[in-house]
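The structure appears below as structure tokens.
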Amino acid sequence: MELIQLQNVVDTWIKTYGIRYFSELTNMCILMEEVGELSRYIARKYGEQSFKNDISNDEVDQGIEDEMADVLWVLTCLANQMDIDLTEAIKRNIAKKTNRDFKRHLSNKKLSSENE
């Protein structure tokens, strides 16, 4: 699915089932909530924390996948509300990063294969 298709699918879903978009402020708060939920899974899978209750690796992986989708969903809602074309925004962002960082990471000794 292309980003513009995603934006259209989300917009149609909101207008069909969601009645209307939440306010931008509400959606920003929901986005932070979803990022927190994603962070919880990642902290427990890759960090030192453990889950309070036993949870299978498959459930953890499914949780990470679902929370990433939730983050993308709410971010798409915000883009739609603000009339932002995510395809164009990401193209500009990649160009900015390329122009700014084209040598930065290559010359970072911390990232060299010798440090792996």
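Couple of notes before you dig in:
- Using C-alpha pairs below 8 Å separated by at least 6 residues, the relative contact order for the chain is 35 percent.
- Shown for the chain are the DSSP H helices of 20 Å or more along their axis, judged by Cα atoms, with a mean Kyte-Doolittle hydropathy of at least -0.5: 3-17, 24-46, 57-81.
- Stretched out straight at 0.36 nm per residue, the stretch from SER50 to TRP13 would grow longer than its current Cα-Cα span by 9.7 nm.
- Over the residues of the chain, the helix contribution to mean residue ellipticity at 222 nm works out to -23500 deg cm²/dmol, using -39500 (n - 2.57) for each DSSP H run of at least 4.
- Among SER56, TYR17, SER39 the positive-end extreme of the charge dipole of the range 12-92 (Cβ point charges): TYR17
- Cross-link reach list, lysines versus LYS45, counting only Cα pairs under 30 Å and skipping chain neighbours closer than eight places: LYS97, LYS109, LYS110
- The aspartates and glutamates whose alpha-carbon is closer than 14 Å to the alpha-carbon of LYS91, local same-chain residues fewer than 8 away aside, are GLU2.
Read the figures in this text as sums done on the coordinates, not as results from a lab. Predicted, not measured: the structure shown is a model, and the values here were computed from it. Virtual Cβ from ideal backbone geometry, glycine too; neighbours counted across all protein chains shown.
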